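> First the structure, then my questions, so here it is.
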């Protein structure tokens, strides 16, 4: 099975702490192998062992206190 990488657009991130909060929540999702959040662009790159359910990604971003606005 090949890895799946998706770039999401997240609003509300302004600093390194924001990046860490989003990264921690998304890293907890089953199958996620890496997360790279960039506050300056609002982009979050998620690599997982299989495609992720977008509702689960949205819920994790919401739990971190930010809003998933779609895919970049």
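The values are calculated or read from the model by the stated rules, or taken from the named source; none is laboratory data. Quantities reported herein were computed from a predicted structural model and do not represent experimental measurements. We place every Cβ from the backbone using ideal geometry, glycine too, and count neighbours over all the protein chains shown.
> Within region 1-17, count every residue that is modelled with pLDDT of 95 or more, part of a loop (DSSP other than H, G, I, E, B) and either closer than 18 Å to residue 59 by Cβ or touching a strand residue (DSSP E or B) at 6+ places or on another chain (Cβ under 7 Å) (or both).
Total satisfying the criteria: 2.
> Determine, yes or no, whether residue 33 is in a strand (DSSP E or B) and closer than 13 Å to residue 54 by Cα. Walk me through how you get there before you give the answer.
Details: in a strand (DSSP E or B): yes; closer than 13 Å to residue 54 by Cα: no.
Spelling it out, it is not the case that residue 33 is in a strand (DSSP E or B) and closer than 13 Å to residue 54 by Cα.
> Continuing with the same structure: Kindly list the number of the only condition in (1) free of Cβ contacts under 8 Å to residues at least 60 places away in the same chain; (2) within 11 Å of the chain's Cα centre (by Cα) that fails for residue 6.
(1)
> Out of everything in region 47-72 that is in contact (Cβ under 8 Å) with a residue 60 or more places away in the chain, at negative phi and assigned to a strand (DSSP E or B), what residue ends up being surrounded by the most Cβ atoms within 10 Å (Cβ to Cβ)?
68
> Now, a different point. Confirm whether residue 20 is surrounded by fewer than 18 Cβ atoms within 10 Å (Cβ to Cβ), in a loop (DSSP other than H, G, I, E, B), at negative phi and over 8 Å from the mean Cα position of the chain (by Cα). Full working, then the answer.
Working: surrounded by fewer than 18 Cβ atoms within 10 Å (Cβ to Cβ): yes; in a loop (DSSP other than H, G, I, E, B): no; at negative phi: yes; over 8 Å from the mean Cα position of the chain (by Cα): yes.
No, not satisfied.
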